[in-house]
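Encoded as structure tokens, the structure appears first; notes follow it.
Only the coordinates and a few stated rules stand behind these numbers; no lab work does. Please read all numbers here as calculations on a predicted model, not as lab measurements. Positions of Cβ are backbone-derived with ideal geometry, glycine not excepted, and every protein chain shown enters the neighbour counts.
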Amino acid sequence: MTPTRASHGGGQQKRTLWISLNVVYAAVLVGLAMTPAVPSSAARVPDVVAHALAYGVQCCLLFALINLYLPMYRALVAAGGGAVCFGVFTEWLQMLQHTVSEAQRLGMGVDMTDVRVVNNVACCMYEDSGGSAAISGSGTNFKVLGNHVHNNGGSKLYHALYFDARARVSGDVEIAYNHIHHQTGGRGIQIYGDTGRLITNVRVHHNFIHHVPLDAILFGRDSGAGFAVYNNVVYHTSDASLRGPSKDFGVSGGCLRFNSPKLEALVYNNTFVDCAVDNHIESGGIRFQEAQSITLRNNILVGKYYVDAENRFDYPGHTIGNLRASFRATQSLELILRLNNVTDRYIADRADYAFGDFRYFPGRGREMFAEIRYAPQE
């Protein structure tokens, strides 16, 4: 009986091994199907060959398992059918991701109208020459909404979103609710033309843009009237470490840039943070180069406080605590106490760098104020 028990134990171990290998390998294939490819300019295996190898290995693993239960020819048929079915399933998962990847892009052509690009993932596109973008177009009544655009780029001319003036009429573009990040070249959103025909009525709002090597948003040449930028959150732009691997990577950037003599734009309720990561002298939060009329209202800009014209030195800032208490004695009389700079911290109201040294202009120390407010009742 001992040899029989040993044989039975060996068979169980084989079954456990092949089941485990099949489960792990299937999980790997599902994970790859759900994960966008990493962009690379290096030579790569064609997709057809890669898929054939992947599902071929899976067929072999399935055959090894099924052959423990069925004769060889039946096991081979079953394994082949299983690999094909699983391949169809993983390809379907990729389609559900709505992922535009590799050498493709969402180019919508010229003189297009009534176009909606909604809820797509555009990833992993690399271009080392010429100007284009992961999502581009030219025409009227475009709506680009809720897309996830990331890890694209290459040269300074390859952007995440790009609309130009090649169409006979260009305008009425809405770009909203998109997440754009980790460009390796170009800009987040670029509006630019070189035909002399103006692009009008462009609305950029409720976008989340970060980790961009140049400008997050550029309204460039041929940008005209009716532009609006509102309720966007933009941070970490003009990052030199994201430029490349193309040699034509560009310099300087910021969160928002205007560069068209005919541009009329309204900018409000945006948050811009760390817009000049590269510390370049031409980088900044909102960059004004050319425009007809720009209106700014209720925007928040947060970044380094540079103390010299070349942006070489900065003042790190300070944090202080203030206290305020109030007591309403009557409906007409209110008593107020304020204590500023509670910890009596040394601070600078202003700082600069001149004649080879830092200069600090001291701020106020701890101060207490008492206030009496009287408002007679009618």
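One table, with the values for the structure above:
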quantity: For the stretch 155-265, with +1 on Lys and Arg beta carbons and -1 on Asp and Glu, the positive-most of SER241, ASN178, ALA216 along the dipole; calculated: SER241
quantity: Segment ASP357-VAL88, extension gain: residue separation times 0.36 nm, minus the distance between their alpha carbons; calculated: 90.0 nm
quantity: Debye intensity ratio in log₁₀ form over the Cα atoms of the stretch 323-374, taken at each q of 0.27 Å⁻¹; calculated: -0.95
quantity: Two-decimal ratio, the stretch 154-200, of alpha-carbon radius of gyration to 2.2 N^0.38 Å; calculated: 1.25
quantity: Within-12-Å neighbourhood charge of ASN340 [Cβ basis; K, R +1; D, E -1]; calculated: +3
quantity: Order of ASP278, ASP164, ASP114, ASP215 - criterion: other Cβ atoms within 10 Å of each residue's Cβ, fewest first; calculated: ASP114, ASP278, ASP164, ASP215
quantity: Nearby aspartates and glutamates by direct alpha-carbon distance to LYS247 (threshold 12 angstrom, same-chain neighbours under 8 apart not counted); calculated: GLU127, ASP128
quantity: LEU323/LEU145 FRET efficiency (R0 41 Å; Cβ-Cβ; nearest 0.05); calculated: 0.35
quantity: Efficiency of FRET from Cβ geometry, LEU53 and VAL23, R₀ 25 Å, rounded to 0.05; calculated: 0.80
quantity: Estimated FRET transfer efficiency (ALA375, PHE288; beta-carbon r; R0 41 Å; 0.05); calculated: 0.40
quantity: J(HN,Hα) series, the stretch 180-189, from Karplus relation 6.51 cos²θ - 1.76 cosθ + 1.60, nearest Hz, glycine and proline x; calculated: 10, 7, 6, 6, 10, x, x, 10, x, 10
quantity: In Hz, Karplus ³J(HN,Hα) per residue of the stretch 135-151 (6.51, -1.76, 1.60; θ = phi - 60°; x = Gly, Pro); calculated: 10, 9, x, 8, x, 10, 6, 9, 10, 10, 10, x, 9, 10, 10, 8, 6
quantity: Alpha-carbon centroid distance for the pair the stretch 260-275 / the stretch 200-256, whole angstrom; calculated: 10
quantity: Fully extended contour minus Cα-Cα distance, from THR330 to ASP114, at 0.36 nm per residue; calculated: 71.5 nm
quantity: Cα pair distances exceeding 24 angstrom across the stretch 99-303, given as percent; calculated: 32
